[in-house]
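As structure tokens, the structure follows; a few thoughts come after it.
None of the figures in this text is laboratory data; all of them are computed from the coordinates on show. Predicted model only: the values in this text are computed from it and were never measured. When we count neighbours, we look across all protein chains shown, and the Cβ atoms used for this are built from the backbone with ideal geometry, even at glycine.
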Amino acid sequence: MTTMKMMKDNNKNNNNNNNNNNSIKASNAVDQSSSSVLEFVSFLGQGAFGSVALMKDSQNQLQAQKSTPIAYMGSLKKEHRIMLRFRNHPRIVQTTNPNLHISTNLDRCCIYMEFASKGTLHNFISNFNGQPIPEVMIRRAAHMILQGLEALHSNGYVHCDLKPANVLIFPSKAVGEPWELKLADFGLSKEPSCMDARSLSGGTKAYMPPESLGPNRVETIESAVDMWSLGCVVVEMFGGYSVKMGECYYKWRLPILVSPLADDFLQRCMALDPSQRATAADLLKHPFVMSSFRHKIQ
């Protein structure tokens, strides 16, 4: 399951977890908040460096357990820190436990988060078999992703691995809205405390901007990285696909004509010059996403 893929994180700022209640405790799948042993329900997916399982507590509430070998704990700690930082934000996936846990034999660590019962945006796009999703749904999805990005960017964070597999779908709590999206997988994200200038690495290359690829890649990570990735996600929702160009580069192609509003939105996301890309705050005001949309995911 690519949404939950663990990537090794060498960020030396992993000790910066003050005031986050991000203590490490030895446990054997124990929910410290309710002191109840969690019951394994099913295996959800396996990534390169970790796995995700569906767990159930004593009140039959479901949650996802994301675990990784202890060698990759840094990435998981960062992901947990970011979820704690954006606790209660409606467009950021929520942790269900304030603690990072280490297994009793000290070989794995894990975190717990809310379970996305409707899957991922990647799964949903796949259900259309390469055909475009109705534009009314794309607008609504783009609006929700932008809300999450604006929250991250306005606080100095960059996601760095935005793609459909890292966008989770939940039943909506709002009357008349059947679903909502939340951003997930922050193991590669740049935090404001990260002072080292480094090129983007470890992300999914097809969704990375041109300035982050190849021998002439830039050495800093800015929010414009996420805006390019958002454009790729929107193109994919329209039935588009990426084509590898040479050793490092990818080009996205649209098989259909899109509306003028959609075209303008994409142009603003995917300007080749990162300084010319619109910000998340700017695009939240774009007419492509301004309206209120209601459409049911089947």
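Would you mind ranking H159, H89, H143 so that the residue whose beta carbon has the fewest other beta carbons within 10 Å leads the list?
H89, H143, H159
What pairs from K173/K205; K251/K285; K66/K251; K78/K182; K118/K251; K118/K285 go past 25 Å between their alpha carbons?
Working: K173/K205 34 Å; K251/K285 27 Å; K66/K251 32 Å; K78/K182 18 Å; K118/K251 30 Å; K118/K285 28 Å.
Exceeds cut-off: K173/K205; K251/K285; K66/K251; K118/K251; K118/K285.
Pop out the ³J(HN,Hα) list for segment 124-134 in order, Karplus 6.51 cos²θ - 1.76 cosθ + 1.60 with θ = phi - 60°, rounded to Hz; leave Gly and Pro as x.
Ordered by residue, 3J(HN,Hα) equals 5, 4, 4, 5, 8, 6, x, 7, x, 6, x Hz.
Within segment 66-172, which trypsin sites (Lys or Arg not before Pro) sit in a loop by DSSP and count at most 15 neighbouring Cβ atoms inside 10 Å? Don't skip to the end; give the middle numbers.
Values: sites: K66, K77, K78, R81, R85, R87, R91, R108, K118, R139, R140; in loops: R87, R91, K118.
Those that pass, being in a loop and sparsely packed, are R87.
Based only on Cα atoms, what Rg/Rh ratio does segment 121-290 have, Rh being taken as Kirkwood's radius?
Radius of gyration over Kirkwood radius for segment 121-290 works out to 0.94.
First select every other residue whose beta carbon is under 11 angstrom from the beta carbon of P274; then total the charges, Lys and Arg +1, Asp and Glu -1. Present the calculation step by step, with values, prior to reporting the outcome.
Numbers: positive: R277; negative: E211, E222, D226, D273.
Local charge sum for P274: -3.
Whole-Hz ³J(HN,Hα) for each residue in segment 62-77, computed from phi via Karplus 6.51 cos²θ - 1.76 cosθ + 1.60 with θ = phi - 60°, x for glycine and proline: what do you get?
For segment 62-77, the Karplus-derived couplings read 8, 8, 9, 9, 10, 10, 8, x, 4, 4, 10, 5, x, 5, 5, 4 Hz, x marking Gly and Pro.
Taking neighbour Cβ counts within 10 Å as the exposure measure, how do I169, I138, I145 sort from fewest upward? It would help to have the intermediate numbers written out before the result.
Numbers: I169 21, I138 24, I145 27.
With the fewest neighbours first, I169, I138, I145 line up as I169, I138, I145.
Hey, can you grab everything whose amide H is under 5 Å from the amide H of W179? Only 5+ residues off in sequence or another chain; H modelled, so Pro and N-termini drop out.
Hits under the 5 Å cutoff: S172.
So for K285, K205, fewest C-beta neighbours within 10 Å to most, what's the order?
Ranked by crowding around the Cβ, least crowded first: K285, K205.
Run the quick spin-label model on K251 and Q59: label points 7 Å from Cα toward the beta carbon, then report their separation in nm to one decimal.
5.4 nm
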